[in-house]
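The next block holds one structure in the form of structure tokens; read it before the comments.
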Amino acid sequence: MDTSIPLQNQSSRASTPRASGRLVQSALDEVCSIIYSQRFVDVPAALDHLHQLNAAHLLMLHTTGIIDETAARALAAELLAIRESGSSSIPMDASKEDVYFNFEAHLIARVGELVGGKLHTARSRNEMMATAERLAARESLLQLIDTMLGMLDTLLEQAQRHASTVMPGYTHLQPAQPMTYGFYLHALASAFLRDIDRLMACYPRVNQCPMGGGAFAGVTFPIDRQATAKLLGFDLVMNNTLDAIASRDFSLEILAALHIFSLTSSRVAQDYYIWGSQEFGFFDFPDSIASTSSIMPQKKNPVVLEYLKGRAGHAMGALFNASAAIKGSGFSHAGDANRESLTGFKACVKECVDAAQLLRLIFEHAAPKAVFMRQRAEENFCCVTDVADLLVRDAGLSFRQAHHVVGQVVRKAIERGLTATGITSDMVMQAGLEVLGHPLIIKGSSLEEALNPDNCVRARPQGGPDPDTTRASIASLQQRTHQLKQETIAWACKLDKANSAAEHRLRQLASV
């Protein structure tokens, strides 16, 4: 959705005054169209954050007596009037550089420079930009965490449902050992929960207030930084004003967490991509999440999975782009460090919110072919590790000896065109003779039990695919997920309360 506001025509810029007595020439059209125009991509969101900053700053200026009562009341009334008239009421001219200078020009046009110019007392665009980016980042964090927790709910529900659904597990894309679909989903839930934990760990570092930092060295007026921070819902004030203005590591930290999330998302999509192919045939997907071909009538393409894999690359690239943009800048305010480094942040957040929603669809709608998956686990030799363990326990072999014997059995079975269900105790006896020089005697019933994939998964309760263990672990993760939801709800409520309080005080000031 295009959330930009139409900019003035270039021809009208020739006489546009700059926001500084130092600059007398109007910005060239190329500078406006290439550089400044990019600062107007989402004007409504920028104005919303600007209103929050203006309200908190004005209330602080009034409380501390930095500006007089009459000017404070007039400014409060104008801020409310401009907000209520909507973002489209404010003319946007790229030659004025950004949304803030256009807003300030609009405010001054309404109340005059003597009053309108007082709002910028004791502050700089540098601190405003740093603060607005943190306002946006914490909103993004809450949206990301909420969406990912919703995805995790669906994932854990399916994991509980399929804790006993046996399927082959793979290493190197070759049959390895039996597992359950629920066990696989439980593993994914553990990984995604770490992604959520990483994002939640970012929040306290994001929710720190740069206001009062000025250009970078603070301001000379007797401001109350704590009061401003409280009005904006921040937990802390950033103590060092240079750090407050220069640091953008909070965004890199979020992008790093999303980079890892995107990696996992793409790997998960690849698993379903393979398992859903006709050659594997482990899963069916409904038509509602598939696409077709313009020429091949039989095609049912996994469009959601392909989108997830492809788009993961976009999200992962955001971290590199931001790091590359900031790496050459000094530790202060500069366009490459403080504007260009965050160019892809919002798009990356959207990619990952979308990915979490699509993953939820996959987990909800992927239909495992339980009978066929168990049959494959029974036939494709993924249970033979348990035969080696049986020889260790019942025949007194070292594991390496047992490994060689069972490897010989598997090779002979494949040469004869047998599946794992065709392995007999006679074959094990003969392999022992050939490998060890003496026959191995094991009960046919014991061999049959070892080759049963249901027994294989039940034999691994210590973090393995045993259904009872898996269900208990899933329940623990569900409880943890509920706790995280409550924590994020508390964060969101605190922000809403601070915003409401600031708005109430602004209206009180305007009505005095």
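The values are calculated or read from the model by the stated rules, or taken from the named source; none is laboratory data. Values in this document were obtained by computation on a predicted structure and should not be read as measured data. Note that each Cβ is placed from the backbone with ideal geometry, even for glycine, and that neighbours are counted across all protein chains shown.
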Residue under question is ARG400, and the condition is that it be in the same structural domain as THR421 (by TED's automatic domain parsing) and either out of contact with any Phe, Trp or Tyr (no Cβ under 9 Å at 6 or more places or on another chain) or β-branched (Val, Ile, Thr) (or both); does it hold?
yes
Among the residues of the range 325-369, write down those that are of a type in the set (Val, Ile, Thr) and in a helix (DSSP H, G or I).
ILE326, VAL349, VAL353, ILE362
For the range 231-271, name all the residues that are under 25 Å from CYS493 (Cα atoms) and not hydrophobic (A, V, I, L, M, F, W, C).
GLY233, ASP235, SER251, GLU253
First in the range 103-119 and more than 22 Å from ALA45 (Cα to Cα), second anywhere and at pLDDT 90 or above and outside any helix (DSSP H, G or I), Cβ under 8 Å, 6 or more apart:
LYS118/ILE67
Buried (at least 18 other Cβ atoms within 10 Å of the Cβ) and either at positive phi or hydroxyl-bearing (Ser, Thr, Tyr) (or both) - does that describe any residue in the range 163-176?
yes
Would the range 433-442 turn up any residue that is under 21 Å from ASN380 (Cα atoms) and out of contact with any helix residue (DSSP H, G or I) (no Cβ under 7 Å at 6 or more places or on another chain)?
no
Long-range neighbours under 6 Å by Cβ, at least six apart or interchain, first residue closer than 16 Å to ALA81 by Cβ within the range 48-65, second part of a helix (DSSP H, G or I) and of a type outside the set (A, V, I, L, M, F, W, C)
HIS51/ARG83
When you go through (1) farther than 21 Å from ASN54 by Cα; (2) over 12 Å from the mean Cα position of the chain (by Cα) one by one for THR264, which number turns out not to apply?
(2)
Counting only residues that are part of a helix (DSSP H, G or I), touching a residue at least 60 places away in the same chain (Cβ under 8 Å) and either closer than 30 Å to SER265 by Cβ or outside the structural domain of LEU258 (by TED's automatic domain parsing) (or both), the range 200-238 contains a total of 4
Looking at the range 370-383, can you tell me whether even one residue there is buried (at least 20 other Cβ atoms within 10 Å of the Cβ) and under 27 Å from the mean Cα position of the chain (by Cα)?
no
Yes/no for GLN462 being within 47 Å of the chain's Cα centre (by Cα), exposed (fewer than 12 other Cβ atoms within 10 Å of the Cβ), more than 30 Å from ILE145 (Cβ to Cβ) and polar (S, T, N, Q):
yes
Considering only the range 391-426, state which residues are among the polar types (S, T, N, Q), in contact with a Lys or Arg (Cβ under 9 Å, 6 or more places away or on another chain) and not in a helix (DSSP H, G or I).
none
So for the range 334-342 (the condition being closer than 22 Å to GLN143 by Cα and modelled with pLDDT under 95), does at least one residue qualify?
yes
Condition first: surrounded by fewer than 16 Cβ atoms within 10 Å (Cβ to Cβ), under 16 Å from LYS443 (Cβ atoms) and under 46 Å from the mean Cα position of the chain (by Cα). Now tell me which residues in the range 386-424 satisfy that.
none
Taking the range 275-301 and keeping residues surrounded by 15 or more Cβ atoms within 10 Å (Cβ to Cβ), within 28 Å of the chain's Cα centre (by Cα) and at pLDDT 90 or above leaves TRP275, GLY276, PHE283, PHE285
Being under 12 Å from PHE183 (Cβ atoms) and part of a loop (DSSP other than H, G, I, E, B) is the filter here; which residues of the range 427-476 pass it?
ARG460, PRO461, GLY463, GLY464, PRO465, ASP466
If I ask for residues that are within 16 Å of ALA324 (Cβ to Cβ) and hydrophobic (A, V, I, L, M, F, W, C), which ones from the range 240-262 would you list?
LEU252, LEU255, ALA256
Given (1) touching a Pro at 6+ places or on another chain (Cβ under 7 Å); (2) at pLDDT 95 or above, number of the condition ASP146 does not satisfy:
(1)
Residues (closer than 16 Å to ILE82 by Cα and buried (at least 21 other Cβ atoms within 10 Å of the Cβ)) located in the range 117-145
LEU119
Looking at the structure I just gave you, is CYS382 touching a residue at least 24 places away in the same chain (Cβ under 8 Å), in a loop (DSSP other than H, G, I, E, B) and in contact with a Gly (Cβ under 9 Å, 6 or more places away or on another chain)?
yes
Top-ranked residue in the range 465-512 [being over 30 Å from LEU50 (Cβ atoms) and among the hydroxyl-bearing types (Ser, Thr, Tyr); ranked as surrounded by the most Cβ atoms within 10 Å (Cβ to Cβ)]:
THR470
Considering only residues that are in a helix (DSSP H, G or I) and of a type in the set (Asp, Glu), look in the range 268-305 and name the one that is farthest from THR180 (Cα to Cα).
ASP287
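A quick yes/no check of all residues on (1) aromatic (Phe, Trp, Tyr); (2) in contact with a helix residue (DSSP H, G or I) (Cβ under 8 Å, 6 or more places away or on another chain):
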{"position": "THR292", "(1), (2)": "no, no"}
{"position": "ILE295", "(1), (2)": "no, no"}
{"position": "LYS346", "(1), (2)": "no, yes"}
{"position": "LYS350", "(1), (2)": "no, no"}
{"position": "PHE372", "(1), (2)": "yes, no"}
{"position": "CYS383", "(1), (2)": "no, yes"}
{"position": "VAL392", "(1), (2)": "no, yes"}
{"position": "LEU397", "(1), (2)": "no, yes"}
